[in-house]
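A.B. asks: A single structure is presented below for examination.
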Amino acid sequence: MTTTARYVHAFGPAALTRFYDPGIRLLMREEAFRSRLLLHMQLAPGQRVLDVGCGTGTLAVLAQQRHPGVEVHAVDGDDKVLAIARDKAARAGAAVRFERAMAWALPYPDGTFDRVVSSLMFHHLIADDKRRAAQEILRVLRPGGALLLADVGAPRGAPGRAIAWALRPFERLRENLADRLPAVLTGAGFSDVAEIDRISTALMPIAYLQGRKPGG
Ligand SMILES: C[S@@+](CC[C@H](N)C(=O)[O-])C[C@H]1O[C@@H](n2cnc3c(N)ncnc32)[C@H](O)[C@@H]1O
């Protein structure tokens, strides 16, 4: 598999990947951001969970440490960020199963996972790729399984809306800033799609969206 000109690495250019963890700590209220992700994932022993676009693996490692009875899998399209993630998991003694994969070609059979989580990855994808990633995530969820997506949300206040207006030429952010991610999930076949939480950060608001695979 090759990455293409369409591919956006963790911190934009590949050369900045090694600054991703300190950057996120500085800009993202990381502790609150990740704790809420874990809370909303509602993990329980015996479940199998997948983190799509896991980056440096911080969330996957935390999930495995806090929920040792859960089988945690994580994928990312970038070998270099996966090397950081694998090293982090090894140092933490967390048995996360990492694979290199694109979000629209997940290497798992239909219905494998009880939960899928994806944080800060969807704004790296152009609109068509958001749609096929959502369809692929639906495929690997079991009926009744849940997706938790945390990504750049549509700003609510006037200053944020002005920034969103200025950013509208950036295609990867367009669906996020126009509040169209829920429609992307519904269009892919998810049910009960809702924004269940949001936090503000130094950069943009982050919305937590949930959706279910019908059935189960
Ligand atoms: C901003 S980082 C977020 C990492 C992590 N989820 C987090 O919360 O810190 C986005 C990640 O998505 C990955 N990514 C971008 N496009 C992807 C794609 N099409 N398939 C899989 N991973 C992708 C990048 O390599 C990067 O590691």
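The values are calculated or read from the model by the stated rules, or taken from the named source; none is laboratory data. Because the structure is a prediction, the values reported are computed rather than measured. Heads up, the Cβs are rebuilt from the backbone with ideal geometry, glycines too, and the neighbour counts pull from every protein chain shown.
A.B. asks: Of the residues 171, 175, which is closer than 18 Å to residue 9 by Cβ and at pLDDT below 95?
C.D. replies: Details: 175 fails: closer than 18 Å to residue 9 by Cβ.
Answer to the check: 171.
A.B. asks: Before we move on, is residue 103 at pLDDT below 95 and of a type in the set (A, V, I, L, M, F, W, C)? Spell out how you get there, then give the answer.
C.D. replies: Details: at pLDDT below 95: no; of a type in the set (A, V, I, L, M, F, W, C): yes.
In short, no.
A.B. asks: Right, another one. Could you figure out which of (1) part of a loop (DSSP other than H, G, I, E, B); (2) under 26 Å from residue 35 (Cβ atoms) isn't true of residue 168?
C.D. replies: Of the numbered conditions (1) part of a loop (DSSP other than H, G, I, E, B); (2) under 26 Å from residue 35 (Cβ atoms), the odd one out for residue 168 is (2).
A.B. asks: Hey, another quick one. Write out, first by first residue and then by second, each pair whose Cβ atoms fall under 6 Å of each other, whose residues are 6+ apart or on separate chains, and whose first residue, in region 123-137, is within 10 Å of the ligand (Cβ to nearest atom) while the second is polar (S, T, N, Q).
C.D. replies: 123/176
A.B. asks: Count, please, the residues in region 175-192 that happen to be touching a residue at least 40 places away in the same chain (Cβ under 8 Å) and over 17 Å from the mean Cα position of the chain (by Cα).
C.D. replies: 2
A.B. asks: From (1) more than 15 Å from the ligand (Cβ to nearest atom); (2) of a type in the set (A, V, I, L, M, F, W, C); (3) surrounded by fewer than 16 Cβ atoms within 10 Å (Cβ to Cβ); (4) not in a helix (DSSP H, G or I), pick out the condition that doesn't hold for residue 105.
C.D. replies: It is condition (1) that residue 105 fails.
A.B. asks: Now a separate question. Mind counting the residues in region 171-216 that are part of a helix (DSSP H, G or I) and either exposed (fewer than 15 other Cβ atoms within 10 Å of the Cβ) or touching a Ser or Thr at 6+ places or on another chain (Cβ under 7 Å) (or both)? Working first, answer last.
C.D. replies: So the first thing to find is which residues in region 171-216 are part of a helix (DSSP H, G or I), and the list is 171-177, 181-188.
The next check asks that each one be either exposed (fewer than 15 other Cβ atoms within 10 Å of the Cβ) or touching a Ser or Thr at 6+ places or on another chain (Cβ under 7 Å) (or both); those that pass are 171, 183, 186-187.
Total meeting the criteria: 4.
A.B. asks: If I filter region 108-122 down to residues being in a loop (DSSP other than H, G, I, E, B) and more than 8 Å from the ligand (Cβ to nearest atom), which single residue comes out as surrounded by the most Cβ atoms within 10 Å (Cβ to Cβ)? Spell out how you get there, then give the answer.
C.D. replies: Going residue by residue through region 108-122, those that are in a loop (DSSP other than H, G, I, E, B) are 108-112, 120-121.
Filter again for more than 8 Å from the ligand (Cβ to nearest atom), leaving 108-112.
Working: 108: 16, 109: 8, 110: 10, 111: 16, 112: 18.
So, considering only residues that are in a loop (DSSP other than H, G, I, E, B) and more than 8 Å from the ligand (Cβ to nearest atom), the one surrounded by the most Cβ atoms within 10 Å (Cβ to Cβ) is 112.
A.B. asks: Applying the selection to region 92-102, what residues are closer than 25 Å to residue 143 by Cβ and within 9 Å of the ligand (Cβ to nearest atom)?
C.D. replies: Of everything in region 92-102, those that are closer than 25 Å to residue 143 by Cβ and within 9 Å of the ligand (Cβ to nearest atom) turn out to be 101, 102.
A.B. asks: Can you tell me which residue within region 35-53, out of those that are among the charged types (D, E, K, R) and within 13 Å of the ligand (Cβ to nearest atom), is nearest to residue 137 (Cα to Cα)?
C.D. replies: Taking region 35-53 first, the residues among the charged types (D, E, K, R) are 36, 48, 51.
Going one step further and asking which of them are within 13 Å of the ligand (Cβ to nearest atom), we end up with 36, 51.
Values: 36: 21, 51: 10 Å.
Top of the filtered list is 51.
A.B. asks: Just one of (1) closer than 21 Å to residue 129 by Cβ; (2) within 17 Å of the chain's Cα centre (by Cα) trips up residue 41, so point out which.
C.D. replies: Only one criterion is unmet by residue 41, namely (1).
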